[in-house]
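Take a look at the structure set out below.
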Amino acid sequence: MTNMHLTLLEIAKQDLKASKCLLSKKLYPQSIFYLEQSIEKAVKSLGIWSGNVTEEEIKDRIRHKTPKVFTFILKRGIEKVKKTLKEFEEKFPEIKETSLWKKLQNQAKSMEKDIKNIQDKWPPIEEKGKDLSFSKEKLGEIINHINSSKISGWILGLEGIKTVKELYQVLKKDVGKVAPLTKSDIEKLKKSYELTLKVLFCTKALFYLSAILSPHVSSSRYPEKMHNPLKVYTKEMPLVQKLKPLMKIAEKNLEYLSDIYHNMPSIEVFLPNDS
């Protein structure tokens, strides 16, 4: 894998800066256009990093059709999760008896359910994407839904464990039966799940941001029939009024993606050391 995902992320950051600058100058349609461009590049960056889409697919099959990226991510992503869990189980067969593994399996099922939910939602949301932009109430609901996702806390039901030392004490009796675990192993494990939560957050948030913004990639820039973007994209438009909270979500996504790429150059699960 090349560094295309990193390049796309940096461009996405610049597009977001441009969007903020244009909003401060009350250039609303231009601000919306560059916010959409930022989200589009972030989605493609995540797709390439995760290995669910290739650079060739981005160029030839997807181009500016961001929803197609989610089709690839969702379809191929869950299969990777299942494959990884199966490989882990084959390497450490005793792990099936631990509470940690049972919680992991439950989380995988929950993840699959969430992905199925997104797949089912996409077609109607894509069709009604532009309508969302004219409903302050619906935009507010989506923003609250995205912001309700918590990155802090453990998906394994180990909330309250704040340090690696505490986590080690909790897990060593359970997982230690399977393979020797060092504090370094536990630290990697903890970090990997924090990153997993960030990947899931980004996938969900970018999904909704794409649904809201992608219908405006052309209409915000060019007049079409009776449509004049200068008269549509005004301060009275609900989408314009919600641009700042949408930008905050976009900024958080780009920060999370930076952390993910820095700590996980490629998508992987941190396995315990063999020694």
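Selection of first residues in the range 132-143 that are farther than 14 Å from His216 by Cβ and of second residues that are acidic (Asp, Glu) and at pLDDT below 90, restricted to Cβ pairs under 6 Å at least 6 apart or on distinct chains, gives an empty result. When Thr234 is tested against (1) β-branched (Val, Ile, Thr); (2) under 16 Å from Leu22 (Cβ atoms); (3) under 21 Å from the mean Cα position of the chain (by Cα), only condition (3) is not met.
State yes or no: is Ile48 modelled with pLDDT under 90, open to solvent by less than 50 Å² (accessible area, probe 1.4 Å) and under 18 Å from the mean Cα position of the chain (by Cα)? Break it down stepwise before answering.
Working: modelled with pLDDT under 90: yes; open to solvent by less than 50 Å² (accessible area, probe 1.4 Å): yes; under 18 Å from the mean Cα position of the chain (by Cα): yes.
Here the answer is yes, as Ile48 does meet what is asked.
Could you look through the range 201-232, keep only residues that are outside any helix (DSSP H, G or I) and touching a residue at least 12 places away in the same chain (Cβ under 8 Å), and pick out the one that is least open to solvent (accessible area, probe 1.4 Å)?
Filtering the range 201-232 down to residues outside any helix (DSSP H, G or I) leaves 214-215, 220-228.
In the following step, the residues that additionally are touching a residue at least 12 places away in the same chain (Cβ under 8 Å) were identified as 214-215, 220-221.
Values: Ser214: 32, Pro215: 35, Ser220: 5, Arg221: 104 Å².
Among those that are outside any helix (DSSP H, G or I) and touching a residue at least 12 places away in the same chain (Cβ under 8 Å), it is Ser220.
With respect to (1) modelled with pLDDT under 75; (2) in a helix (DSSP H, G or I), the lone exception for Glu90 is condition (1). Counting the residues of the range 14-51 that are closer than 19 Å to Ser220 by Cα, of a type in the set (Gly, Ala, Ser) and in contact (Cβ under 8 Å) with a residue 40 or more places away in the chain gives 3.
The values are calculated or read from the model by the stated rules, or taken from the named source; none is laboratory data. Just so you know, these numbers come straight off a predicted model, no measurement behind them. Positions of Cβ are backbone-derived with ideal geometry, glycine not excepted, and every protein chain shown enters the neighbour counts. Ligands, DNA and RNA are stripped out before the accessible areas are found, and what is left, the full protein with its side chains, is counted by its heavy atoms. Shrake-Rupley method; radii C 1.70, N 1.55, O 1.52, S 1.80 Å.
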